[in-house]
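The values are calculated or read from the model by the stated rules, or taken from the named source; none is laboratory data. Note that the structure is a prediction, hence the values are computed from the model and not measured. Here the Cβ positions follow ideal geometry from the backbone for every residue, glycine too, while neighbour counts run over all protein chains shown.
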Amino acid sequence: MESGHPPELPPPLVERDVPEDLRLYVPYADGWSAHIKTDGIREYCHFKQPGKDYFHLLLPGEIFLAYGEVRYCLNCAMRYAHLTDDRLFWQRGVRRNRDPIA
Ligand SMILES: [Zn+2]
């Protein structure tokens, strides 16, 4: 299976201009993992959006975070500050050892 060569990259679907820095960071990364939803199993984000009475369905292809068995859509991870677009986050606070589930 492994040939020792890196896999051939998929061709770009389209080349777009990226107007700003889209990179995201997990400031307290211990215990967190990032995933792409690749199966058809119905899974939901652990949280409801404020003002809504339903949980977000994670769609095939959706990137989400997990902390143990808890799934976070990127909006909820960002809402609870487990995810940031602030590249300088590491200069703004003391790192915690563990990140409690919100
Ligand atoms: Zn969510």
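Some observations on this one:
- Qualifying residues in the stretch 44-73 (those that are more than 11 Å from the ligand (Cβ to nearest atom) and part of a loop (DSSP other than H, G, I, E, B)) - the one farthest from Leu24 (Cα to Cα): Asp53
- Flag not set for Asp39, criterion: in contact (Cβ under 8 Å) with a residue 60 or more places away in the chain, charged (D, E, K, R), on the phi < 0 side of the Ramachandran plot and away from the ligand (no atom under 15 Å from the Cβ).
- Looking only at the stretch 23-43, and only at residues there that are of a type outside the set (Ser, Thr, Tyr) and assigned to a strand (DSSP E or B), the one that is surrounded by the fewest Cβ atoms within 10 Å (Cβ to Cβ): Ile36
- Boolean, Tyr25 is within 13 Å of the ligand (Cβ to nearest atom), touching a strand residue (DSSP E or B) at 6+ places or on another chain (Cβ under 6 Å) and at pLDDT 90 or above: no
- Hey, Ala102 within 29 Å of Glu20 (Cα to Cα), within 16 Å of the ligand (Cβ to nearest atom) and at pLDDT below 90 or not: yes
- All of (1) under 13 Å from Leu83 (Cβ atoms); (2) touching an Asp or Glu at 6+ places or on another chain (Cβ under 6 Å) hold for Ala29 with one exception: (2).
- Restricting the stretch 8-29 to residues that are under 14 Å from the mean Cα position of the chain (by Cα) and not aromatic (Phe, Trp, Tyr), the residue that is farthest from Val70 (Cα to Cα) is Leu22.
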